[in-house]
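Here it is, the structure in full.
Values quoted throughout were computed directly from the atomic coordinates according to the rules given, and no laboratory measurement underlies them. Owing to the predicted nature of the structure, the values given are computational and were not obtained by experimental measurement. Please note: Cβ atoms are built from the backbone with ideal geometry, for glycine as well, and neighbour counts cover all protein chains shown.
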Amino acid sequence: VHYNNNLERDIRTFGRIKSRKLSINKQSLLQDFLPNFEIGNFNQILPLLNKGTFEKIIIEIGSGFGHFIFKNAINNPQNFFIACEPHINGVVNILAMMQKYSFDNNKNINNLVIYKGDAREIIKLSSDNFFDEIYVLFPDPWPKTKQQKRRIVNQENLNLLAQKSKIGASLTIATDHDSYKTAIVSCILQNINWFWLANNCTDWQIFPQNWVETKYQKKALQEGRNSVIFQLINQKL
Ligand SMILES: C[S@@+](CC[C@H](N)C(=O)[O-])C[C@H]1O[C@@H](n2cnc3c(N)ncnc32)[C@H](O)[C@@H]1O
């Protein structure tokens, strides 16, 4: 399977990107604070990487309210993080956490950037073998049969991610949605590029130590749904 190189023809995998009118504070985060961290395309990442010597390049597809990538970026200054999220309220929330951190600690964050759009636009224009870690956490489940073509986890995207990440790179996918869970299992078992690290049927229920729970993960727990995690390694066959 080859991935679709034509950006315009990509089928949309996310829902709404705007909600109610933003408060003045939130508008100001977008207008005044976001430009310090926003990347508009892949090429804008490169000069930022040259400034520091980062060990790993990590991208999150659909960072939502941003807790996972924000905390990981703060805890791992040696790594460079790219948050991709088209939903404006999500972007505003990451920015609010970043601004508070900088204020409280009197320190700029230099290892986290934000792309306010479809992650595939960044990934497709990256060079091959670029990413070390990729996260797709609680992707939109698109439960109706008619909508399932919108699911981000599919063969085409798995192949794209395999090409753009290094051999030995990790891809972590989590979901609490039963039918998506089944679809992901069949997708990864069919994909020769990604090796699934699970040894037995309880492995996927165990999240790594120091895992930062996401907003949707907490919501699932509150509503009594179990979450599972798929940890895959790029073996590029
Ligand atoms: C159900 S939410 C989960 C958010 C977060 N990861 C969490 O666990 O709380 C899925 C998010 O993925 C985003 N998304 C979907 N397709 C995307 C894409 N192609 N690129 C970037 N973000 C995407 C959506 O806008 C949405 O915010």
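Assuming a ≥ b ≥ c are the square roots of the Cα gyration tensor eigenvalues, decide whether the chain counts as rounded (a/c under 1.5), prolate (otherwise, with a/b larger than b/c) or oblate.
Note, shape of the chain comes out rounded.
Does the stretch 134-237 come out rounded, prolate or oblate, given a ≥ b ≥ c as the square roots of the eigenvalues of its C-alpha gyration tensor, rounded meaning a/c under 1.5 and, failing that, prolate meaning a/b above b/c?
Because a/c hits 1.5 or more and a/b fails to exceed b/c, the stretch 134-237 counts as oblate.
Taking Cα pairs under 8 Å and at least six residues apart, what relative contact order does the chain come out at, in percent?
Numbers: 394 pairs, mean separation 50.7, N = 237.
This gives 21 percent for the chain.
Right, here's the next one. Starting with the highest mean, order 219-225, 163-169, 115-121 by the number of other Cβ atoms within 10 Å, averaged over the residues of each peptide.
Highest to lowest by the protection proxy: 115-121, 163-169, 219-225.
Consider just the alpha-carbon atoms of the stretch 43-114 and return their Rg together with their Dmax, both in angstrom.
Considering the stretch 43-114 through its Cα atoms, Rg and Dmax are 11.7, 31 Å.
State which entries of 21/181; 116/166; 21/51; 21/219 exceed 26 angstrom in Cα-Cα distance in the structure shown.
Correct reply: 21/181; 21/51.
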